[in-house]
Structure formats: structure tokens, C-alpha cells
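Novice: One structure, as C-alpha cells, below. Some questions next.
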Amino acid sequence: MSAQTETKQTKTFVEKLKGFKIGFIPLPLYLLLAIGYALMTFADKVPENDMLAALGIMTVFAYLLEEIGKNIPVLNSLGGKVLVVTFFPAFMVYKNWLPESTVKVVSDFMSNTNFLMFFITLLVVGSIASMNRHTLIKASSRIIIILILCDIIGSLVGTGVGMMLGMSAWKTYFFIVAPIMAGGVGEGAMPLSMGYAAIIAKDQDGIFGQILPCVMLGSLVAVLCAGALKKLGDVRPDLTGNGKLIDDPNEEKLASLKGGKVEVNIEQTLIAGVVAISIYFLAVWVEHIFKTYVGFHIPSPVILLVSVMGAKMLGFIPKEIEEGGNSLYGFTVKGITPPLLFGVGVAKTDWNKLIEVFNSPAAIMTIIATVLAIVATAYFVSKALGLYPVDTAIAVSCCSGQGGTGALAILGAGDRMELMPFAQVAVRLGGAMTVTFAIFLMGILS
């Protein structure tokens, strides 16, 4: 082999190496980031309460785990990258495989900064602002109908399966089925356990610890369902809108990360971000007003969601904010989702709680049956109502997740992050309906 040939091969190898990426990060830059993290960790010099350190650590692990998940056969068709990025870190914490400093910095950041709400606010405002107004109106009204039917059928199927497997209707519905559909942990399982405790005069912490594993496993089943639905959409393109719920000839296609590049206007993107933060401020204030002077608690995420959807439906969002929302959405999905999922796995997913439910095969089957009933109902009813069944089922299945964290994982597994506004409707509205009805029903039957 001549020296010239060897030089060419070396250059080709170097060029390929430069072109290789971990997520969106070129390999040389990723290695620099990883080496910096390793040196800082081994020297025991990881800064505490440091946002840059937390985001850097989350970036190091998140995109590497995402690449691993995308390349695992079979699992990669079932939302493997989300499963690996979210649940494997929880397992690593359980096994003490992550450095203590890493766990502490990431957990403190996730607990003290409300980073999840930051993500949801940007994503909801960005995606709604860039939607077609008429499409949003049509899809929202139909989603509510589907959501009500899913709550009813999911409750009946889940309770029925639990009874067939030897559990009482009381235990099955109130402690397994209702918690799954309650809208997550903070806005679902927590108020549900408080309501139960007040009615049956038992310790609220004990009730919460009993229902939390069901919520977590329900979310995991929904993630797997979303991955399977994505695969179905790939095989049957006629069943999916690839992020749209309804086929509207007047709708301008939202430029997404699945297709081409998103046109970015920095000023418009920043304006959309400021709009998102402004609405969040107002939502927090309105929550306070309702709680203090009306005696009724409406969570700020619900107020934010309703406000943005209302403004869009009424045509109050200017064109420049719509365009800025488009690029804001693109930045949020590509730049924030994987690190946030890793943070959720480290700080918000308790592996011990997740595996507790595996001690009861009857409970496992009931959870699976409940989530499948919700997904199947959404799938078939959406076809009758003129919606894309794959996308609708993925969005509505978020009502059986861990609230915002569950919706993030479910939509990530289904590669349908555009549906976050509808997922929030499913989580918030569906959860509120379930919590209210379950507490009311327990009060009547006690």
C-alpha cells in the first residue's frame, strides 16, 4: 500500500469521525464534554447548586443513552430511546452506579428549579402558537369527547379484569384503576390519597405509597404503547398525521424536526419565549387569586393551557409570534427533551416504587388492561370522529402517565412531541375528572 493511499484512508477516517454525532453533538465536542465531566467528578469538584453543572451532566448522559436506545433491536421500535434515557438512570441510581455528586446535582436541579414546568410552558406555547386555529378548535372539541369515553371504558375494563383475577371491585378501582387515570403524582395521586384518607380515616402517606407504584407502572405501559403506535404509523401511513390529529387542507404544516429545517428568527423566537413566561406569570397569579379569594384551586399549568388555547382559538396571537413559536418548539424538543428525560429518571423515578407492583401479578394485569383499554378506545373512537387514530391514541394515553413527566416520556416514545397541548388536556382534564369522581364515589360508598 502506497503512502498516498494510506494518507487518503487516514483522511477518510478522520472525516467520518468528524461527521459522527452523539445526538446533535459532534463526536470530538462530545468527548471534550465527557472528559471534562470525568475530570471534575474524579477530582470531587462538581459544583453544588450549579445550573451549568447540572445541565452539562444531563447532556453527557442523555444523548449517549438516547443513541444506545435507538440501536437496541426490537426495543428501538417501542420507544427504546425514551425507555433507556428515562428508566435506565433510575435503575443506575438504584444500583448506585452513578457518582453521588452526579445524583445530588441533578436531583437538586430538578427539584429546585421547576425545570419540567419551564419545558412544558415553552413547548405548549410554541406548539399552540404555530398551530392552525381552525384545526385546534376542531381537534380540541373531539379530544374531550374521546377523553370522557376513555375514562368510562378504562374504568370498566380495568375494574372488571381486577375482579376476574380475584381482587375486590373496591380495591381494584380506587387503588389501581383510578390512580392510573388521575393525571400523575402531584395533581393526581396526591389529592386522590388526601381525599381517600379524609373519607376512610386512614394515613394519607400510607395510601399514597400504595397507589404510587400503580401510577408509575401505568406510565411505563403507556410509553410502550406509544412506541408500538409509532411503529404502526410507520407501517400504515394512512393511520397517522405524523404529529397532527386531524387532516385539514387549510393547515400550514408545522416545520418539525422530523422533516426539514425550522426557519429560525432569533428575535421572533425570543419574543415567543417572553410571551410564554408572561403567560406563566399571569397563570401563577390567577391560581393565587382563585385559591385565596374563591377557595377553589386551579393549577397554574391548567390556566396556562386554557389561556394559550383560548387566545389561539380567538385569533389573538399575531403572525410574528406564531412564527417565533414554531422555532421555539423546535429548540425545546431537540435541545431540552433528552436532558430533561434523564433528569426525570434520576430525580423523579423511584425504581423501588416501580418494582413494588411486580409482587402482585393481578395488579400488573389490571394495570395493563386499563391502559390498553384507554389506548384502544381512543384509537377506534378517533377513527369514527375523523381524527388520525395513531396520533390521537398517543395523546390521550398521556392521561395514564405520571402527569407532565409521563406525558414527556409517552410523547417522546411516540415521536409526537407536537401533541403536548392535547396531552396536557388529557392529563389535566382527564385527571381532574377521575380524581373528582373517585373521591365522590368513595364518599357515597363508605
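Novice: Is segment 120-176 best put as rounded, prolate or oblate by its Cα gyration tensor, with a ≥ b ≥ c the root eigenvalues, rounded for a/c under 1.5, and otherwise prolate when a/b is larger than b/c, oblate when not?
Specialist: Numbers: a/c = 5.85, a/b = 2.66, b/c = 2.20.
Taking the square roots of the gyration eigenvalues as a ≥ b ≥ c, segment 120-176 is prolate.
Novice: Related question: Just need the relative contact order of the chain here, percent rounded to a whole number, with Cα pairs under 8 Å and 6+ apart.
Specialist: Numbers: 685 pairs, mean separation 132.2, N = 446.
It comes to 30 percent, rounded to a whole number.
Novice: Relative to the compact globular guide of 2.2 N^0.38 Å, what is the alpha carbon radius of gyration of segment 321-446, as a ratio?
Specialist: Numbers: Rg = 16.8 Å, N = 126, 2.2 N^0.38 = 13.8 Å.
So segment 321-446 has a normalised radius of gyration of 1.22.
Novice: Between segment 403-425 and segment 283-344, what is the C-alpha centre distance in whole Å?
Specialist: Each part reduced to its Cα centre gives a spacing of 14 Å.
Novice: Nearest 20 debye, what's the magnitude of the dipole of the chain about its Cα centre given +1 on Lys and Arg Cβ and -1 on Asp and Glu Cβ?
Specialist: On the way: 31 positive and 30 negative charges, 140 e Å.
Computed charge dipole of the chain: roughly 680 debye.
Novice: I'd like the Karplus ³J(HN,Hα) series for segment 429-446: coefficients 6.51, -1.76, 1.60, θ = phi - 60°, whole numbers in Hz, and an x wherever there's a Gly or Pro.
Specialist: Along segment 429-446, the couplings run 5, x, x, 4, 4, 5, 4, 4, 5, 5, 5, 4, 5, 4, x, 6, 7, 7 Hz.
Novice: Over the chain, with the other protein chains present, what is the accessible area per residue in square angstrom, probe 1.4 angstrom? Before the final figure, lay out each step's value.
Specialist: On the way: 20350 Å² over 446 residues.
About 46 Å² of surface per residue is accessible.
Novice: Which value, to two decimals, describes the C-alpha radius of gyration of the chain once divided by 2.2 N^0.38 Å?
Specialist: The chain yields a ratio of 1.01.
Novice: What whole number of Å gives the distance from the Cα centroid of segment 205-223 to the Cα centroid of segment 96-111?
Specialist: If we compute the Cα centre of each part, the gap is 23 Å.
Novice: Additional query: For segment 36-136, state which trypsin sites (Lys or Arg not before Pro) are in a DSSP loop and have at most 10 other beta carbons lying within 10 Å of their beta carbon. Provide the component values of the computation, followed by the final result.
Specialist: Details: sites: 45, 70, 81, 95, 104, 133; in loops: 45, 95.
Within segment 36-136, the qualifying trypsin sites (Lys or Arg not before Pro) (loop, at most 10 other Cβ atoms within 10 Å) are 45, 95.
Novice: Within segment 266-312, report the chymotrypsin sites (Phe, Trp or Tyr not before Pro) that DSSP leaves as loop and that have at most 16 other Cβ atoms within 10 Å.
Specialist: Working: sites: 280, 281, 285, 290, 293, 296; in loops: 296.
Taking segment 266-312 and a limit of 16 other Cβ atoms within 10 Å, the loop chymotrypsin sites (Phe, Trp or Tyr not before Pro) found are 296.
Novice: When the accessible area of the chain is split by element with a 1.4 Å probe, what percent falls to carbon and sulfur? Working shown, then result.
Specialist: Numbers: 13410 of 20350 Å².
Of the solvent-accessible surface of the chain, carbon and sulfur hold 66 percent.
Novice: Need one value: the accessible area of residue 221 in square angstrom, 1.4 angstrom probe, rounded to the nearest 10.
Specialist: Estimated to the nearest 10 Å², residue 221 gives 20 Å².
Novice: Using helices alone, I'd like the mean residue ellipticity at 222 nm for the chain: each DSSP H run of four-plus residues gives -39500 (n - 2.57), total over residue count, nearest 500. Before the final figure, lay out the partial values.
Specialist: Working: 18 runs with 318 residues, N = 446.
Helix contribution divided over all residues of the chain: -24000 deg cm²/dmol.
Novice: Within 10 Å of each candidate Cβ there may be at most 13 other Cβ atoms; applying that plus a DSSP loop requirement, which chymotrypsin sites (Phe, Trp or Tyr not before Pro) in segment 303-344 survive?
Specialist: Details: sites: 316, 329, 331, 342; in loops: 316.
Taking segment 303-344 and a limit of 13 other Cβ atoms within 10 Å, the loop chymotrypsin sites (Phe, Trp or Tyr not before Pro) found are 316.
Novice: Give me the dipole magnitude in Debye, nearest 20, for segment 83-160 about the Cα centre, with unit charges on the beta carbon: positive for Lys and Arg, negative for Asp and Glu.
Specialist: On the way: 5 positive and 3 negative charges, 60 e Å.
Dipole magnitude for segment 83-160 comes out near 280 debye.
Novice: Moving to a separate point now. Please give the net charge around residue 362, taking every other residue with its beta carbon less than 15 angstrom from that of residue 362, where Lys and Arg add +1 and Asp and Glu add -1. Spell out each step's value before the answer.
Specialist: Working: positive: 171; negative: 356.
Every neighbour counted, the sum reads 0.
Novice: Further question: Residues with amide H under 5 Å of residue 265's amide H, sequence separation 5 or more or different chain, H placed in the peptide plane at 1.01 Å from N; which?
Specialist: Distant-sequence amide H within range of residue 265: zero hits.
Novice: On a 0 to 90° scale, report how tilted helix 204-235 is relative to the longest principal axis of the chain, with both axes built from alpha carbons and the result rounded to the nearest 10.
Specialist: Between helix and principal axis, roughly 60 degrees.
Novice: Let me ask another. Going by a ≥ b ≥ c, the root eigenvalues of the Cα gyration tensor, does segment 89-244 fall in the rounded group (a/c under 1.5), the prolate group (a/b larger than b/c) or the oblate group? Display every interim value, and only then the final one.
Specialist: Numbers: a/c = 1.62, a/b = 1.12, b/c = 1.45.
Verdict is oblate for segment 89-244.
Novice: Angle between the Cα long axis of helix 319-347 and the longest principal axis of the chain, 0 to 90 degrees, nearest 10?
Specialist: The angle comes out at about 80 degrees.
Novice: Still on this structure: For segment 172-181, just list the computed ³J(HN,Hα) in residue order, Karplus coefficients 6.51, -1.76 and 1.60, θ = phi - 60°, integers in Hz, with x standing in for Gly and Pro.
Specialist: For segment 172-181, the Karplus-derived couplings read 4, 6, 6, 10, 10, 5, 4, x, 4, 9 Hz, x marking Gly and Pro.
Novice: On to the next question. Full extension from residue 134 to residue 149: what is 0.36 nm times the residue separation minus their Cα-Cα distance, to one decimal in nm? Walk me through the numbers on the way to the answer.
Specialist: Numbers: separation 15, 0.36 × 15 = 5.40 nm, distance 2.37 nm.
That works out to 3.0 nm of additional length.
Novice: I would also like to ask the following. Report the full-extension gain for the segment residue 170 to residue 91: residue separation times 0.36 nm, less the Cα-Cα distance, to one decimal in nm. The partial results should precede the final answer.
Specialist: Values: separation 79, 0.36 × 79 = 28.44 nm, distance 3.24 nm.
Between residue 170 and residue 91, full extension yields an extra 25.2 nm.
The values are calculated or read from the model by the stated rules, or taken from the named source; none is laboratory data. Bear in mind that the values here come from a model prediction, so they are computed numbers and not experimental data. Positions of Cβ are backbone-derived with ideal geometry, glycine not excepted, and every protein chain shown enters the neighbour counts. Accessible surface is based on the protein model in full, side chains and every heavy atom, while ligands, DNA and RNA are left aside. Shrake-Rupley method; radii C 1.70, N 1.55, O 1.52, S 1.80 Å.
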